[in-house]
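Participant: The structure's right below; bear with me while I get my questions together.
What follows draws every value from the coordinates through simple rules; no lab data is involved. Given the structure is predicted, the values throughout are model-derived calculations rather than measurements. Reconstructed Cβ throughout: ideal geometry from the backbone, glycine too, with neighbour counts over all protein chains shown.
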Amino acid sequence: MNDTRTARHSAKNTTAFELGASKPAAGRVGIEVEKLRVVYDGFIAVADTSFRVNAGESFGIVGESGSGKSTVLRAICGLAPKQAGTVQLLGQSNQALPLPGSKPFRRLVQMVFQDPYGSLHPRQTVDRILAEPLAIHDIGDAELRIERALDEVGLGMGFRFRYPHQLSGGQRQRIAIARALILEPQILLLDEPTSALDASVQAEVLNLLEDLRGKRGLTFIMVSHDLAVVTHMCERLMVMQRGETVELLSAADLAASRVTHEYTRKLMVASTGFRRDAAKPSTQGEPT
Ligand SMILES: Nc1ncnc2c1ncn2[C@@H]1O[C@H](COP(=O)(O)OP(=O)(O)O)[C@@H](O)[C@H]1O
Ligand SMILES: [Mg+2]
């Protein structure tokens with residue numbers, strides 16, 4: 001990141017905060033999932049899973065491939081066939097919270113997928129990709145919001161009229177994050193948001209997410225097969241195996257190897273190391 005861009009970035013953020021649009025609403029929102037069960041043609045992908053994520057918390061879901069992690073996130077958004085259980089938003093005030101699946105719910109809860117190739121339309125410019133959710137939700141100020149979103153993810157207006165194929169993997173994922181943030185949600189569901197990226201780019205995008213969470217007071221549910229990533233990013237986590245919850249534990253317990261289940265221990269051994277020292281931003285040129 002060069003100095004000019006850093007300076008421009010902070011100046012824009014100040015403007016955005018002065019406008020008040022980026023401030024988290026009073027009474028931040030958490031989420032509670034109770035006895036969630038998802039069944040595909042008789043196959044139980046998620047079995048009676050329960051967890052609660054407090055407002056502003058970052059909660060991890062780990063487990064081997066096929067354990068049901070993505071299905072939990074998809075069910076929260078109404079994208080998987082929920083057979084039983086409830087998903088509830090939790091407010092700190094008495095404000096009425098939207099029902100799952102409703103348009104106001106989708107404005108509060110946004111998802112970022114693993115594969116930005118798949119989730120960004122190849123024939124749409126960044127501008128169109130970012131304008132679409134605003135149009136769907138009848139939100140004005142598109143110009144200002146697009147500019148702010150691009151700045152917040154460390155890209156800037158120079159990227160506005162590019163197509164996905166003109167971006168690197170990390171830049172594409174930054175656009176996917178910008179698209180999720182442009183609606184000013186309070187909860188982000190992150191499904192392996194960096195696992196398609198090289199290690200150094202992965203670290204940069206994770207640092208960006210961490211900064212955004214702090215700045216906006218966001219609540220995260222982050223899925224990863226990499227325990228090191230989740231230990232670094234989350235306060236608590238759930239370990240899943242074959243659709244079931246194996247254990248719920250704090251990241252501190254995991255980091256200190258205070259785990260009770262053999263399966264979690266196996267995952268720890270299998271997990272690749274997340275190197276925070278790889279997170280140093282590049283010193284010149286565009287963000288990766
Ligand atoms: N649309 C679907 N139809 C049928 N089975 C599915 C579908 N999506 C996921 N599954 C199955 O549900 C299980 C959990 O999948 P998923 O949640 O994607 O796992 P993870 O994200 O942990 O890798 C897997 O066995 C998968 O094959
Ligand atoms: Mg998955």
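Participant: Amide H to amide H under 5 Å from A80: which residues, 5+ apart in sequence or cross-chain, H placed 1.01 Å off N in plane?
Facilitator: Distant-sequence amide H within range of A80: A75.
Participant: Using per-residue counts of other Cβ atoms within 10 Å, averaged over each peptide, order 214-220, 106-112 from highest down. Before the final figure, lay out the partial values.
Facilitator: Details: 214-220: 19.1, 106-112: 21.4.
Those peptides, ordered most packed to least, come out 106-112, 214-220.
Participant: Then there is this: With +1 on each Lys and Arg Cβ and -1 on each Asp and Glu Cβ, how big is the dipole of the stretch 58-206 about its Cα centre, in debye rounded to the nearest 20?
Facilitator: 380 debye
Participant: Let me check I have the definition right: for the stretch 156-272, take the eigenvalues of the Cα gyration tensor, multiply each by 5, take square roots. What are those semi-axes in whole Å, largest first? Mind showing how you got there, number by number?
Facilitator: Working: eigenvalues 176, 49, 29 Å².
Gyration-tensor ellipsoid for the stretch 156-272: 30, 16, 12 Å.
Participant: With the cut-off at 20 Å, report for the stretch 125-202 the share of all Cα pairs above it, as a whole percent. Don't jump to the answer; show the numbers that get you there.
Facilitator: Numbers: 885 of 3003 pairs.
Everything past 20 Å amounts to 29 percent.
Participant: Full-extension gain between K35 and L248, please, as 0.36 nm times their residue separation minus the C-alpha to C-alpha distance.
Facilitator: On the way: separation 213, 0.36 × 213 = 76.68 nm, distance 1.45 nm.
Taking K35 through L248 to full extension adds about 75.2 nm, to one decimal.
Participant: Just want to confirm a number: the relative contact order over the stretch 132-194, from Cα pairs under 8 angstrom separated by 6+ residues, in percent. Please list the in-between numbers first.
Facilitator: Values: 34 pairs, mean separation 23.3, N = 63.
Relative contact order of the stretch 132-194: 37 percent.
Participant: In Å, the Kirkwood hydrodynamic radius of the stretch 47-128 over pairs of distinct alpha carbons? Mind dumping the intermediate values first?
Facilitator: Working: mean 1/r = 0.0662 Å⁻¹.
By the Kirkwood definition, the hydrodynamic radius is 15.1 Å.
Participant: Between I146, G158, Q110, whose Cα lies farthest towards the positive end of the dipole of the stretch 107-160 when Lys and Arg beta carbons carry +1 and Asp and Glu beta carbons carry -1, centred on the Cα centre?
Facilitator: Q110
Participant: Return the equivalent ellipsoid semi-axes of the stretch 70-210 as a descending list in whole Å, where each equals the square root of 5 times an eigenvalue of the C-alpha gyration tensor. Please report the intermediate quantities before stating the final value.
Facilitator: Details: eigenvalues 132, 69, 39 Å².
Square roots of five times the eigenvalues give 26, 19, 14 Å.
Participant: Return the sequence-ordered ³J(HN,Hα) values of the stretch 189-200 in whole Hz as given by the Karplus equation 6.51 cos²θ - 1.76 cosθ + 1.60 applied to θ = phi - 60°, using x for Gly and Pro.
Facilitator: Along the stretch 189-200, the couplings run 9, 10, 9, 6, x, 10, 6, 8, 9, 5, 3, 6 Hz.
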